[in-house]
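Working notes, structure below.
The values are calculated or read from the model by the stated rules, or taken from the named source; none is laboratory data. Owing to the predicted nature of the structure, the values given are computational and were not obtained by experimental measurement. In this analysis, Cβ positions are derived from the backbone assuming ideal geometry, glycine residues included, and neighbour counts consider all displayed protein chains. Ligands, DNA and RNA are excluded from the accessible area calculation, which covers all protein heavy atoms including side chains. Shrake-Rupley method; radii C 1.70, N 1.55, O 1.52, S 1.80 Å.
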Amino acid sequence: MARVSIQLSGVSKRFDHTVKGEVYAVRDVTLAVAEGELLTLLGPSGCGKSTTLRMIAGFEEPDAGTISIDGKDVTHVLPNRRGIGFVFQNYALFPHLSVFENVAYALRVQGKDEASIKRAVTDVLGVVGLANYERQQPHQMSGGEQQRVALARAVVFQPKVLLFDEPLSNLDAKLRVEMREQIRSLQKRIGITTVYVTHDQEEAMAISDRIAVMERGQIVQDGTASDLYYKPKTEFVARFIGRTNLLDGRVASASEVEIEGQQLPLSTGRPVGSTVRLVVRPEMIDLTAAGAGEAGTGRVLQRTFLGEKTDYDIQFGNTKIQACRSDAFRGAAFDVGASVRLSFDPANIHLLT
Ligand SMILES: Nc1ncnc2c1ncn2[C@@H]1O[C@H](COP(=O)(O)OP(=O)(O)OP(=O)(O)O)[C@@H](O)[C@H]1O
Ligand SMILES: [Mg+2]
């Protein structure tokens, strides 16, 4: 498998939208995907993920900027000349063709001989776990099986690049997890450079080498799942990846921050008196029993037992804080109404401003 990279430089795309008028679907996107990397475009509906992917594939032409694959400028090259395998949300299989013919299609277009078509199709069906399904018709198969045919069809002609647009959103939750693991292992095995689109943050975290978070046509941050979780650059990213508390405070001393009029032990390294916004994930908060009304305490509003952990909503001054504990069954669980002391390990806390 040839190892290729993808480079987008200053890519923009505008549409005339019947309702919204002229919209920038994608605005000045610069992005590099390394050889063999699986990069995910993640963001809410309408943020420009599919448009970006479709420009890489050649289904849309950018208004500005350039796209190169394997170091060659393909900005104005036709889709079928780009060597790209594309997997869509709705599978897009040919309903009247057998599994074999669906997968063989691109090879027939390329004019390959019958023997090598047979060999390639049989091989790839084995790889996606559909050996012996050659004569099956798409309507005789489950959604998960159909999506595997679509995957086989996308990789059978050994494309340089693989693109996925929400490939799992028509499948049930269990199958989604199974399929994303299969896609991931296939992608790593054949080492193909891949761009994957989803609006599901958990799927993105599970499948990606790197994630680029999009908001209103732009990439606001890219990094590993753990970069985005622990060091989000903006409030949008902090809220989009995982659950979070955004707490506004004032540095009260070298070792304390005042939040909601209460002093909490935390050294920020910032000058005394400066304002800070903290990203505090629920699992980073330590809860201990406290007397009512003591300094640095809040009141339990709600408790949700979830088996492996217990979630708490805590009223802390005027702020509602989400916390969770994983050892609830061993330690005493806090009752609704109980006073709890909140503390953080400063090493975990990220400052937004
Ligand atoms: N062909 C088109 N004509 C007009 N507007 C379009 C067209 N395609 C996309 N848009 C607009 O461009 C913006 C980005 O659309 P895009 O399909 O890239 O979003 P997306 O991130 O893939 O969203 P979703 O998660 O819902 O699939 C949206 O505001 C959309 O309405
Ligand atoms: Mg889309």
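Data table
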{"read-out": "Of 118/174; 160/231; 233/320, pairs whose Cα-Cα distance is over 29 Å", "value": "118/174; 160/231"}
{"read-out": "Rough spin-label spacing in nm, given labels placed 7 Å along Cα→Cβ, for residue 185 and residue 270", "value": "4.6"}
{"read-out": "C-alpha center-to-center spacing [the range 239-259, the range 102-122] in angstrom", "value": "59"}
{"read-out": "D_trans [Stokes-Einstein, Kirkwood Rh over alpha-carbon pairs] for the range 113-154, 25 °C, 0.890 mPa s, µm² s⁻¹", "value": "233"}
{"read-out": "Additional length obtainable on full extension of the chain from residue 132 to residue 347, 0.36 nm per residue less Cα span", "value": "72.0 nm"}
{"read-out": "Rounded accessible area per residue of the chain, 1.4 Å, Å²", "value": "48"}
{"read-out": "Hz values of 3J(HN,Hα) by residue in the range 233-247 - Karplus curve (6.51, -1.76, 1.60), Gly and Pro given as x", "value": "7, 9, 4, 4, 5, 4, 7, 6, 9, x, 8, 8, 10, 10, 10"}
{"read-out": "Carbon + sulfur, % of accessible area of the range 6-240 - ligands and nucleic acids excluded, 1.4 Å", "value": "48"}
{"read-out": "The range 245-351: translational diffusion in µm²/s, Stokes-Einstein, Kirkwood Rh over Cα pairs, 37 °C, 0.692 mPa s", "value": "234"}
{"read-out": "Amide H contacts of residue 257 (H built 1.01 Å from N, under 5 Å, at least 5 apart or other chain)", "value": "252, 264, 266"}
{"read-out": "Tilt relative to the chain, helix 114-127 - C-alpha long axis, 0 to 90 degrees, to 10", "value": "20"}
{"read-out": "Orientation-averaged projected area, Cα convex hull of the range 60-157 (nm²)", "value": "7.4"}
{"read-out": "The chain: calculated mean residue ellipticity at 222 nm from DSSP helix runs of at least 4, using -39500 (n - 2.57)", "value": "-7000 deg cm²/dmol"}
{"read-out": "Pairwise Cα inverse-distance average, inverted: Kirkwood Rh of the range 206-284 (Å)", "value": "13.9"}
{"read-out": "Principal-axis tilt of helix 143-155 within the chain, Cα atoms, nearest 10 degrees", "value": "60"}
{"read-out": "Cβ-based charge dipole, the chain, positive-most Cα from 71, 339, 240", "value": "71"}
{"read-out": "Calculated FRET efficiency for the pair residue 61/residue 22, C-beta based, R₀ 22 Å, to 0.05", "value": "0.85"}
{"read-out": "Net lengthening on full extension, residue 113/residue 304 (0.36 nm per residue, minus Cα-Cα)", "value": "62.6 nm"}
{"read-out": "Dimensions (Å) - the chain, Cα atoms, principal axes, largest first", "value": "80, 46, 40"}
